[in-house]
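A.B. asks: What follows is a single structure, and I will ask about it in a moment.
The values are calculated or read from the model by the stated rules, or taken from the named source; none is laboratory data. Please read all numbers here as calculations on a predicted model, not as lab measurements. Backbone-built Cβ (ideal geometry, glycine too); neighbour counts: all protein chains shown. These area figures cover heavy atoms from the full protein model, side chains too; ligands, DNA and RNA do not enter into them. Shrake-Rupley method; radii C 1.70, N 1.55, O 1.52, S 1.80 Å.
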Amino acid sequence: MNNKQTPQTDDLSIQHSARQVAIQVITNILLQQGSLSTQLARHQQDVASEHIPLLKELCFGVCRQYPKLNSIALHLLAHPFEEKDTDLYATLLLGLYQLTYMNTPDHAAVHETVEACRLLKKDWATKLMNAVLRRYQREVDEIEAELESTPSVEYNQPKWLLKRFLKHWPEQFESIVDASNMHPPMCLRVNQHRVSRETYQSKLEEVGIKSTFGEFSPSALYLKNATRVSELPDFESGFVSVQDEAAQLSAHILSPKKSEKILDACAAPGGKTGHLLEVSDEIDLTAVELEPWRMEKIESNLERLGYNAHLVCADAGELDAWWDGEHFDKILLDVPCSATGVIRRNPDIKINRKPADIEELVAIQKTIIKNVWSTLKPGGFMLYATCSLMPEENEQQMSHFLATHEEATEVPLNSITPEFALEWGTEVSHGRQLFPTLESHDGFYYCLIQKA
Ligand SMILES: C[S@@+](CC[C@H](N)C(=O)[O-])C[C@H]1O[C@@H](n2cnc3c(N)ncnc32)[C@H](O)[C@@H]1O
């Protein structure tokens, strides 16, 4: 099996420094000390800017291929590394990733991995690392044949998650797994306040960037090939943002109107905050976010787009901390969730997410929904959203909420905008579930509730 696809630089000095930082990032992820995005944000300044693409390729790649690489590594090691040597395990995973998926010459991949043990001041492991990688080179076909019938290797997803996908979505199982393992497409949201989708597509064409219209969101443009945002015309002036098409549906569903008082309750990094303001910049928008460092992302997003909102750093569920008692006309509640619909964008989920997280998240969501609901005006709308594929966080969560709040009624997702065709996703017992698709949107869930 030849999985080597990624063209790589042959400048080994560049790979060397990117690898050291990648070892640190993967080690921290394995030790549950943060997500891939937080770790990369923290550590990418440790490499020169031209090495960042390689650093990302190594880190995203190891996470994306983790179930396979982990099985191979455990098969090769007589004894797993102790926790204090997690950095060596990360080094081994990176070595295996390079040997299996990158165009690094094999001898260089082995040599650099062995050298990395020395840089970690663990010279004792150099012989072991050398022996393990050489054995892999010799026996790659036998090892892959032996492991390929293991579900987590065959589907390259953690076993517990495969079981849940199969239980909840037997018909969509294969396509969910395929779409979750791929590189996601790059989707733009055109700020239609500033420029039409057609005009922006022509602007892209002029600089040689090909794109196609999204089928469901009137503001979505898919790029044929992913590109740096700095290459996008007028990106800094806020003409476009990078946002998945499924996520774009929320502002079209809520359709904010002039003077409405709107709450974006779990707002960072502010993708949907910006979109609500693009639909109408004359709304009175409050964005609440728990994490101060993520709040900064909302600020910079709004600054680029040229919009303002009341930004509050607080727990949305603790009303005493942030609410002034004035009710909202509309609420967007994009709660923290398992992100099982966006594994392809957050592949560290394959390492970090555990079954117990789902229960914990369901409880957190329950508290936020219940408390935020009381800030909605009678007659107002609350749009509940997740990027999860777990019914516990979605339709079951809504079922519980509706059963315990008699003043809450589920309404069709195009109740505010009847002209908005509901041709996306699958209707479930409450709301609509979108599944990740190969060339199109991510997995997402929406349910619209009106207060009597
Ligand atoms: C799914 S993300 C929101 C994405 C965002 N709506 C967007 O479109 O860019 C969930 C956010 O909720 C935040 N969060 C988690 N618990 C929260 C709470 N109790 N109150 C407010 N925000 C919370 C997380 O830090 C995270 O930024």
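A.B. asks: Six or more apart or on different chains, Cβ atoms under 7 Å: show the pairs whose first residue is in the range 310-326 and more than 18 Å from Ile283 (Cβ to Cβ) and whose second is aromatic (Phe, Trp, Tyr) and within 13 Å of the ligand (Cβ to nearest atom).
C.D. replies: Ala314/Trp322
A.B. asks: Name the pairs: first residue in the range 352-365 and modelled with pLDDT of 95 or more, second residue open to solvent by 30 Å² or more (accessible area, probe 1.4 Å) and aromatic (Phe, Trp, Tyr), Cβ to Cβ under 7 Å, at least 6 apart or on different chains?
C.D. replies: From the range 352-365, the pairs are Pro355/Trp160.
The rows are residues; the columns are (1) outside the structural domain of Glu139 (by TED's automatic domain parsing); (2) crowded, with 18+ Cβ neighbours inside 10 Å; (3) among the aromatic types (Phe, Trp, Tyr).
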{"site": "Gln39", "(1), (2), (3)": "no, yes, no"}
{"site": "Arg42", "(1), (2), (3)": "no, no, no"}
{"site": "Val47", "(1), (2), (3)": "no, yes, no"}
{"site": "Phe60", "(1), (2), (3)": "no, yes, yes"}
{"site": "Leu77", "(1), (2), (3)": "no, no, no"}
{"site": "Leu96", "(1), (2), (3)": "no, yes, no"}
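A.B. asks: Can I ask one more? Kindly check whether there is at least one residue in the range 249-257 that is in a helix (DSSP H, G or I), more than 8 Å from the ligand (Cβ to nearest atom) and of a type in the set (S, T, N, Q).
C.D. replies: Within the range 249-257, not a single residue is in a helix (DSSP H, G or I), more than 8 Å from the ligand (Cβ to nearest atom) and of a type in the set (S, T, N, Q).
A.B. asks: Could I ask something else about it? Among the residues of the range 385-392, are any open to solvent by 70 Å² or more (accessible area, probe 1.4 Å), out of contact with any Asp or Glu (no Cβ under 8 Å at 6 or more places or on another chain), among the hydroxyl-bearing types (Ser, Thr, Tyr) and touching a residue at least 40 places away in the same chain (Cβ under 8 Å)?
C.D. replies: No: zero hits.
A.B. asks: Here are some conditions: (1) within 19 Å of the chain's Cα centre (by Cα); (2) surrounded by fewer than 16 Cβ atoms within 10 Å (Cβ to Cβ); (3) within 22 Å of Ile449 (Cα to Cα). Ser175 meets all but one. Which one does it not meet?
C.D. replies: For Ser175, the failing item is (3).
A.B. asks: Mind checking whether some residue in the range 232-242 is under 20 Å from the mean Cα position of the chain (by Cα), open to solvent by less than 60 Å² (accessible area, probe 1.4 Å) and of a type outside the set (Lys, Arg)?
C.D. replies: Among the residues of the range 232-242, at least one is under 20 Å from the mean Cα position of the chain (by Cα), open to solvent by less than 60 Å² (accessible area, probe 1.4 Å) and of a type outside the set (Lys, Arg), which makes the answer yes.
A.B. asks: Could you list, in sequence order, all residues of the range 103-135 that are among the hydroxyl-bearing types (Ser, Thr, Tyr) and surrounded by fewer than 17 Cβ atoms within 10 Å (Cβ to Cβ)?
C.D. replies: Thr126
A.B. asks: Looking for something aromatic (Phe, Trp, Tyr), in contact (Cβ under 8 Å) with a residue 40 or more places away in the chain and touching a helix residue (DSSP H, G or I) at 6+ places or on another chain (Cβ under 9 Å) - is there at least one such residue anywhere in the range 87-100?
C.D. replies: yes
A.B. asks: Okay, moving on. Hey, does the range 400-418 have a residue that's surrounded by fewer than 21 Cβ atoms within 10 Å (Cβ to Cβ), in contact with a Pro (Cβ under 8 Å, 6 or more places away or on another chain) and either assigned by TED's automatic domain parsing to the domain that holds Lys330 or in a loop (DSSP other than H, G, I, E, B) (or both)?
C.D. replies: Looking for residues that are surrounded by fewer than 21 Cβ atoms within 10 Å (Cβ to Cβ), in contact with a Pro (Cβ under 8 Å, 6 or more places away or on another chain) and either assigned by TED's automatic domain parsing to the domain that holds Lys330 or in a loop (DSSP other than H, G, I, E, B) (or both), one finds at least one in the range 400-418, hence yes.
A.B. asks: Are any residues in the range 323-340 open to solvent by less than 30 Å² (accessible area, probe 1.4 Å) and either at pLDDT below 95 or not small (Gly, Ala, Ser) (or both), and if so, which ones?
C.D. replies: Correct list: Phe328, Lys330, Ile331, Leu332, Leu333, Val335, Cys337, Thr340.
A.B. asks: Something else about it: Would you say Ala268 is within 14 Å of the ligand (Cβ to nearest atom), assigned to a loop (DSSP other than H, G, I, E, B) and either under 29 Å from Pro418 (Cα atoms) or hydroxyl-bearing (Ser, Thr, Tyr) (or both)?
C.D. replies: Yes, satisfied.
A.B. asks: Still on this structure, please answer the following. Does the range 136-157 hold any residues that are surrounded by fewer than 13 Cβ atoms within 10 Å (Cβ to Cβ) and of a type in the set (D, E, K, R), and which are they?
C.D. replies: Hits for the range 136-157 are Arg138, Asp141, Glu142, Glu148.
A.B. asks: Can you tell me which residues in the range 369-383 are open to solvent by 10 Å² or more (accessible area, probe 1.4 Å) and in contact (Cβ under 8 Å) with a residue 60 or more places away in the chain?
C.D. replies: Scanning the range 369-383 gives Lys377, Pro378, Gly379, Phe381.
A.B. asks: Any chance you could count how many residues in the range 283-315 are within 9 Å of the ligand (Cβ to nearest atom) and small (Gly, Ala, Ser)?
C.D. replies: Result for the range 283-315: 2.
A.B. asks: Residues that are open to solvent by 10 Å² or more (accessible area, probe 1.4 Å) and either over 26 Å from Ser255 (Cβ atoms) or in the same structural domain as Arg194 (by TED's automatic domain parsing) (or both): does the range 277-285 have at least one?
C.D. replies: No - not one qualifying residue is present in the range 277-285.
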